[in-house]
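Presented below is the structure to which this report refers.
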Amino acid sequence: MTWRPRLADGTAPVLVVLVVLLVALAFAGPAYAEPAGYLALLKRAAPLMILAIGQYFVVVSGGYDLSVGSLVTAEVVIAARLVDGDDANTSWVIALLLGFGVLVGLVNGLITTKLLVPSFIVTLGVLLVLDGAVFLWTGGAPRGALSPSFRTFGRGGIDVPVLGQVPWSVLILLVVLVAAALFMRGGTGRTLLAVGDNDTAVRLAGGRVDRLRLIAFVLSGLLAALAAILLAGFAGVSAQVGNGLEFRAITAVVLGGVLLGGGRGSVVAAAAGALSLEALFSLLNLLGVSGALESAVQGLIIIAAVAYAARGTGLRRVLQPREPEPVTS
Amino acid sequence: MSVVRERTLRNASATRPRKFALTPTVTVYVALAVLLVVGSVLVALDGGVLLDQGGILNILTRSTVLGLVAVGQTIVIITGSLDLSVAYLVGLSSLVAAETMAGSGTMIVPGVLLALAVAAVVGLVNGLVITVLRANAFIATLGVALVLRGYLEHNYTGPAGSVPRSFQHLGYDRIGPIPVAALLMLLIAAGAWWYLRRTRGGYHMYAVGGDVDVARLSGVRTGRTIVTAHVLCSVAAGLAGVFLAARLGSGAPYVGTDAGYDLESIAAVVLGGAALAGGRGGVVGTVGGVLILATLDTVFDDLAVDPFFKDVVRGIVLIVAVALYARRQLSRRST
């Protein structure tokens, strides 16, 4: 046992949970006997995983982004209205949607860093504004329709020799995940992690704390836009599409062993947390647990996950008390 | 010399919310007064009257439920915690109260007590998960909220139970233009103020919210304080549920979540000048924040503004208010 995989602390438990869930799926449902079943699971999970990756950047730098759920709804509703069923509109609308995500991220980040408002409040305010504004604009119900080419990203796939059809969303997810992992290994990513741990130290060491936080929010907004595009293709247009996604994304991130308050956790683990959550829902579905109890199970699991993570860090937290967060131990 | 002294004085008053000056609490009530004047003018231009009997009744009725929930939320936020489970708890306690009463007048007291007991147990669970299992308050209460939601979705599809007519008086009786329930809400707010500002337990909450470790080293039983705060918060949410049962005539599972009382109550508390990190804020400010939100709603209703526009304004008001408070404490950076 001289070689050990390089895992950020807190990563191992979620990977174990994920493997257990995936194996359990194979026993529970015949669909999971071959790769296609797992690819379908990945396709279903892709939007949440991308959201969780975006949320990770904000959480690890010591903030929250509560606006992603309503941002997803807003993006989907805007897409339907602007595309209006015409394939010719697809490309510029996608560009516009990604731009809108960046814009919302910029607003979140600038208010948080320049006006010194806690990110919880900023993103809560932006959530209310987006919710209201979208429905004000559409008059209560989403209008228009998506074009087939727009929906390809969420629904379609390309044929690959061994695996059969690989969904576009899985490929997009992989690109995002690899890019995010490389980003967190680079200098900017490492400093971002340090900001969440101790922003004063980073500032004294010459790091540009405000700019890093801004980057985190912009990335979260951009990835929420991307998730919205996939989700719109996958699930279609509805005004409820983003409901509760912000809490689900935060749950996924926490399940991945990322510490709320920042400074600890890996982006791959956050994505694994999202996949575990989705795998868990599929498993509960296969086992015939009613949809209503799903949320109860989700609640118990996140409490258990956080309690487990806190046990390991109890001593560390006593030694290095974390000041700005409402962490209570 | 005198300049130096003046500056230290000003600093002292800025960190202590109970001095004169423009503390958040004062700002809230100034803003409320301005809002009432501007609202009255706007409504008058539109050909109506904002502050007639119906208007006052409207503002106070809207404030009652949110006020109860927000007063409880104030206590946990001061302790440095947070409660996201209140919205489902409001629905749950309204159901418990209405189903226990089941239309019979003799069951009113058991119904109310049982609802409050259930609420207290939920608060106890919140508090214990946070202190014993050491879960972050955000996640702990979110988890409990999801469990409650699962229970509600599994067992209820719509309103259930019924309250006797005599109990509905709580929801509709009023003295002049002031609803009895609003008076009860203010009474409970006054009780919470007294507890937070005049008792040892209350001071401990500020101490724990200010800095857990310093509080512990000073001999405060931090765990017990946090659990107490959560129990009080949940009981307040339970009272809100009981009041809603009286008002609606039956228990409604989603009455709390439809109104978004979880995030809304946090918004009201923060609008009232409390710091989310804990240790700063108060019930008086929170009541001001609740009244501002209720007045905004009433003004918009009188002007027949698109309901979705309300959310937009609400979000902007929240961010602007907190940005203004943050100006005052540039030295302390948080989140």
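Farthest towards the positive end of the charge dipole of segment B:214-324, among the residues B:Leu276, B:Thr228, B:Val287, is the Cα of B:Thr228, using unit charges on the Cβ of Lys, Arg, Asp and Glu. Close amide-amide hydrogen proximity is noted between A:Gly157 and A:Trp168, each under 5 Å apart and 5 or more residues distant or on a separate chain (H modeled in the peptide plane; Pro and chain starts excluded). Spacing of the modelled spin labels on A:Leu103 and A:Asn285, each 7 Å from Cα toward Cβ, amounts to 3.5 nm.
Suppose all protein chains stay in the model; what accessible area per residue would a 1.4 Å probe give for segment A:47-113, in Å²? Before the final figure, lay out each step's value.
Details: 1590 Å² over 67 residues.
Averaged over the residues of segment A:47-113, the accessible area is 24 Å².
Comparing B:Tyr261, B:Tyr156, B:Tyr29 in a Gaussian network model of chain B (Cα springs below 10 Å), the most mobile by mean-square fluctuation is B:Tyr156.
Tally up the carbon and sulfur contribution to the accessible surface of segment B:97-238 as a whole percent, 1.4 Å probe, everything protein left in place. If you can, show how the numbers build up before the last one.
Values: 4290 of 6510 Å².
Carbon with sulfur: 66 percent of the solvent-accessible area.
In a GNM of chain B with a 10 Å cut-off on Cα contacts, which of B:Glu153, B:Glu264, B:Glu99 has the highest mean-square fluctuation? With Cα springs under 10 Å in chain B, the top fluctuation among B:Glu153, B:Glu264, B:Glu99 is at B:Glu153.
Which whole-number percentage describes the relative contact order of chain B, with Cα contacts under 8 Å and a sequence gap of 6 or more? Spell out each step's value before the answer.
Numbers: 568 pairs, mean separation 109.0, N = 335.
Relative contact order comes out at 33 percent.
Using the Cα coordinates of segment A:1-100, the gyration tensor eigenvalues translate into equivalent-ellipsoid semi-axes of 34, 23, 12 Å, sorted from longest to shortest.
Grab the eigenvalues of the alpha-carbon gyration tensor for the protein assembly as shown, scale each by 5, take roots, and send me the semi-axes largest first in whole angstrom. Don't jump to the answer; show the numbers that get you there.
Details: eigenvalues 303, 177, 144 Å².
Output for the protein assembly as shown: semi-axes of 39, 30, 27 Å.
Shape analysis of chain B places it in the oblate category; the axes a ≥ b ≥ c from the Cα gyration tensor give an a/c of at least 1.5, with a/b not above b/c.
The residues of segment A:246-286 occluded by other protein chains by 50 Å² or more of accessible area, set against the chain on its own, are A:Phe247; surface from heavy atoms, 1.4 Å probe. Derived scalar couplings between HN and Hα for segment B:73-85 equal 4, 4, 4, 5, 5, 4, 6, x, 10, 5, 10, 8, 8 Hz in order, rounded to whole Hz, by the Karplus curve 6.51 cos²θ - 1.76 cosθ + 1.60 (θ = phi - 60°), x for Gly and Pro.
Annotation: amide H of B:Arg174 within the under-5 Å range of B:Val180, sequence separation 5 or more or interchain, hydrogens built in the peptide plane.
Here each label is just a point 7 Å from Cα along the line to Cβ, and for B:Ala160 and A:Leu293 those points are 1.6 nm apart.
What FRET efficiency would be calculated for the residue pair A:Thr188, B:Tyr29, taking the C-beta separation as r and a Förster radius of 45 Å, to the nearest 0.05? Intermediate values should be presented prior to the final figure.
Numbers: r = 45 Å, r/R0 = 1.00.
Once the sixth-power term is evaluated, E becomes 0.50.
Would you please classify the overall shape of chain A from the alpha carbon gyration tensor, given that a ≥ b ≥ c denote the square roots of the eigenvalues, rounded means a/c under 1.5, and beyond that prolate means a/b larger than b/c while oblate covers the rest?
oblate
Comparing each chain alone with all protein chains together (probe 1.4 Å, DNA, RNA and ligands left out), the residues of segment B:274-291 losing at least 30 Å² of accessible area are B:Leu276, B:Ala277.
A Förster radius of 41 Å, combined with the Cβ-Cβ distance separating B:Leu183 from B:Leu324, puts the computed FRET efficiency at roughly 0.85.
Picking from B:Gly54, B:Gly281, B:Gly103, which is most flexible by a Gaussian network model of chain B using Cα springs under 10 Å? Checking each option, the largest mean-square fluctuation is seen for B:Gly54.
Tell me the relative contact order for segment A:1-153 as a rounded percent, counting alpha carbon contacts under 8 Å between residues six or more apart. Intermediate results must be reported in sequence, preceding the final value.
Numbers: 98 pairs, mean separation 43.1, N = 153.
Computed value for segment A:1-153: 28 percent relative contact order.
Taking amide H positions as modeled 1.01 Å from N, with prolines and chain starts lacking one, the residues under 5 Å from A:Gln165 and 5 or more places away or on another chain are A:Val160. Between B:Ile175 and A:Asp87, the FRET efficiency from the beta-carbon distance, with R0 = 51 Å, is close to 0.20.
For segment A:194-307, what class follows from the C-alpha gyration tensor (a ≥ b ≥ c being the square roots of its eigenvalues): rounded when a/c is under 1.5, otherwise prolate if a/b is larger than b/c, else oblate? The shape class here is oblate.
With θ taken as phi - 60° and the Karplus curve 6.51 cos²θ - 1.76 cosθ + 1.60 applied, the whole-hertz 3J(HN,Hα) list for segment B:302-315 is 4, 7, 6, 6, 3, x, 5, 5, 4, 4, 4, 4, 4, x Hz, x standing for glycine and proline.
Solvent exposure of segment B:58-153 amounts to 26 Å² per residue of accessible area, where only protein heavy atoms count and the probe is 1.4 Å. Total buried accessible area between B and A, probe 1.4 Å, nearest 100: 4800 Å². For B:Pro253, the shell of other residues with beta-carbons less than 13 Å away shows a net charge of -2, using +1 for Lys and Arg and -1 for Asp and Glu.
Here the Karplus curve 6.51 cos²θ - 1.76 cosθ + 1.60, taken at θ = phi - 60°, turns the phi angles of segment A:20-30 into couplings of 4, 5, 5, 5, 4, 4, 4, 6, 7, x, x Hz, with x standing for Gly and Pro.
The values are calculated or read from the model by the stated rules, or taken from the named source; none is laboratory data. Remember, it's a predicted structure, so these values are computed and weren't measured experimentally. Quick reminder, even Gly has a Cβ in these numbers, built from the backbone with ideal geometry, and neighbours come from all protein chains shown. With ligands, DNA and RNA removed, areas are computed over all heavy atoms of the protein, side chains included. Shrake-Rupley method; radii C 1.70, N 1.55, O 1.52, S 1.80 Å.
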